[in-house]
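The values are calculated or read from the model by the stated rules, or taken from the named source; none is laboratory data. Keep in mind that this is a model prediction, so the values were computed, not measured. Heads up, the Cβs are rebuilt from the backbone with ideal geometry, glycines too, and the neighbour counts pull from every protein chain shown. We work out accessible area using only protein heavy atoms, side chains counted, and drop any ligands, DNA or RNA first. Shrake-Rupley method; radii C 1.70, N 1.55, O 1.52, S 1.80 Å.
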Amino acid sequence: MKARRIILSMATVLGLGVAQTALAQDAPENIKIGITTFTSGPASVFGVPAQAAAEMIAESINEAGGIQGVPVELHFVDEGAGAETLTTEVRRLVQDLDVDVMMAAISSGNCINLTPLLEDLEVLNILWDCGTQRIFEEAEYKYNFRTQANATPEMMAALLYLLKTNPDFETIAVINQDYAWGRDSWELFSSALMKLKPDVQVVAELFPRLGAPDFSAEISRLLATQPDVILSTSWGGDLDTLVQQASQRGLFQNSTFVLPLAESSIQRLGGVLPDGVIIGARGDHYFLHPELRDDKNLGDFVERFRKRTGDYPIYPAFHMAQAFAALQAAYDKAAEANGGEFPDRAQVLEAMEGLEFQGYGRPLTIREDNQALEAQLIGVSRTVNEYDFPIMDDMMIFDAADIMAPAGENSLDWIGTLDPSFIDIEVTEYKHGE
């Protein structure tokens, strides 16, 4: 099945032409979608752009006639309200509002809590952003699907980029948020590092609390130990604060920073982020995607997002677009299997299995374990005249299947089979503007 493309225009949306829609007699009045994202707290710098993307895409879908002729209706829940409130609100959306699909969540901790709940409630859930690999490695799910990568390829891409471009470092430190994502991502990165470059010494492992406003103690420790490399998989307001305070105290002068989630922060940080920092995009989506820079669909999405928010889209917005692309493709696939008539929920759920779809990066496929294969784009920060913030340059794009555990295998067990020859894995390289 050919991968579907997102097209945000008045005539077509997410690859769906109005002429292709089919209205069956039993089609509902609308497709209700519940979405969890951070709209308050430090992580709102990450969650609010995702909400804006969802609203923009939904408007375009409805302008074009809906999904299979049925308009979509969005209902948002703030992840910043806390775990108990989040769980209560998600239950309300499913049990009282009877949403057709949930898209949850950003936080890995929230994903760990919500996936079994939504499985019990028997509602299709698209894990649209959270990264922890534990979801599908520790349990089997029928109703939960992830439409982007997990932490394993995201960490492997960052590590491989570091080893390919800076192979001679001897010491490393980590400063990560103290919760599921921060702990899991470091375990993956450090385990792979010890297999691929076993002589490296870890000189500091720092885990400040999620939402910490001050990193003075951690920065002092890093200045004292002077590691060759500093890894931080932090994100949102925490990452912004860390970079600002580290820059003020000269920490970037002594160490190479690896920030696998920093694509979402570079516009806010502006000139505070120096050149040469290794930056990840948690996928291969990027508003200056080197393979798609002349793609009209990407250009239209970027321009429409800029008009709506004043900013270029960051990876949470692209992850949201991928979730809608998958949902669109699933309804189309299910309708086709249903003789052109509007599918029921069971048929849409079945269509998610093995689904092929495409957002604004390379095509994606959902594996038999409900996990999508998503390519990874990594580069370094570079100051250019065209923008008032650093862009990503000296980019590499890794194929997803090459850098993640096969379906049914535990990531740490798979990493345990690697050896230094893995560093020579093939990769596509690009420079900005070429």
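Quick notes on this structure:
- Screening 84, 119, 89 for residues that are at pLDDT 95 or above, within 22 Å of residue 410 (Cα to Cα) and open to solvent by 10 Å² or more (accessible area, probe 1.4 Å) leaves exactly one candidate, 119.
- Unmet requirement for residue 266, which otherwise passes all of (1) open to solvent by 10 Å² or more (accessible area, probe 1.4 Å); (2) at pLDDT 95 or above: (1)
- Test for residue 42: is it open to solvent by 30 Å² or more (accessible area, probe 1.4 Å) and at pLDDT below 95: yes
- Within region 357-382, considering residues that are open to solvent by less than 50 Å² (accessible area, probe 1.4 Å) and more than 23 Å from residue 427 (Cα to Cα), the one nearest to the chain's Cα centre (by Cα): 370
- Residue check, residue 294 open to solvent by less than 10 Å² (accessible area, probe 1.4 Å), part of a loop (DSSP other than H, G, I, E, B), at negative phi and charged (D, E, K, R): no
- Filtered residues of region 286-332 (kept if within 20 Å of the chain's Cα centre (by Cα) and aromatic (Phe, Trp, Tyr)): 286, 287, 301, 305, 312, 315, 318, 324
- Subset of region 135-164 [open to solvent by less than 10 Å² (accessible area, probe 1.4 Å), among the charged types (D, E, K, R) and out of contact with any Cys (no Cβ under 9 Å at 6 or more places or on another chain)]: 154
- Residue selected from region 122-134 under the condition in a loop (DSSP other than H, G, I, E, B) and in contact (Cβ under 8 Å) with a residue 24 or more places away in the chain, by the criterion surrounded by the fewest Cβ atoms within 10 Å (Cβ to Cβ): 123
Yes or no, residue by residue, for (1) farther than 24 Å from residue 85 by Cα; (2) assigned to a helix (DSSP H, G or I); (3) at pLDDT below 95; (4) touching a Cys at 6+ places or on another chain (Cβ under 8 Å):
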position: 34; (1), (2), (3), (4): no, no, no, no
position: 46; (1), (2), (3), (4): no, yes, yes, no
position: 49; (1), (2), (3), (4): no, yes, no, no
position: 55; (1), (2), (3), (4): no, yes, no, no
position: 61; (1), (2), (3), (4): yes, yes, no, no
position: 65; (1), (2), (3), (4): yes, no, no, no
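- Pairs, first over 25 Å from residue 241 (Cα atoms) in region 40-58, second at pLDDT below 95, C-beta under 8 Å, six or more apart: 56/8; 57/6; 57/8; 57/13; 57/14
- When restricted to residues that are surrounded by fewer than 17 Cβ atoms within 10 Å (Cβ to Cβ) and outside any strand (DSSP E or B), region 167-178 contains 5.
- Selection over region 218-237 of residues that are crowded, with 19+ Cβ neighbours inside 10 Å and at pLDDT 95 or above gives a count of 10.
- Looking across region 198-217 at every residue that is open to solvent by less than 90 Å² (accessible area, probe 1.4 Å) and in a strand (DSSP E or B), the one that is nearest to residue 418 (Cα to Cα) is identified as 202.
- Restricting attention to region 333-356, the residues being of a type outside the set (S, T, N, Q), open to solvent by 40 Å² or more (accessible area, probe 1.4 Å) and over 28 Å from the mean Cα position of the chain (by Cα) number 5.
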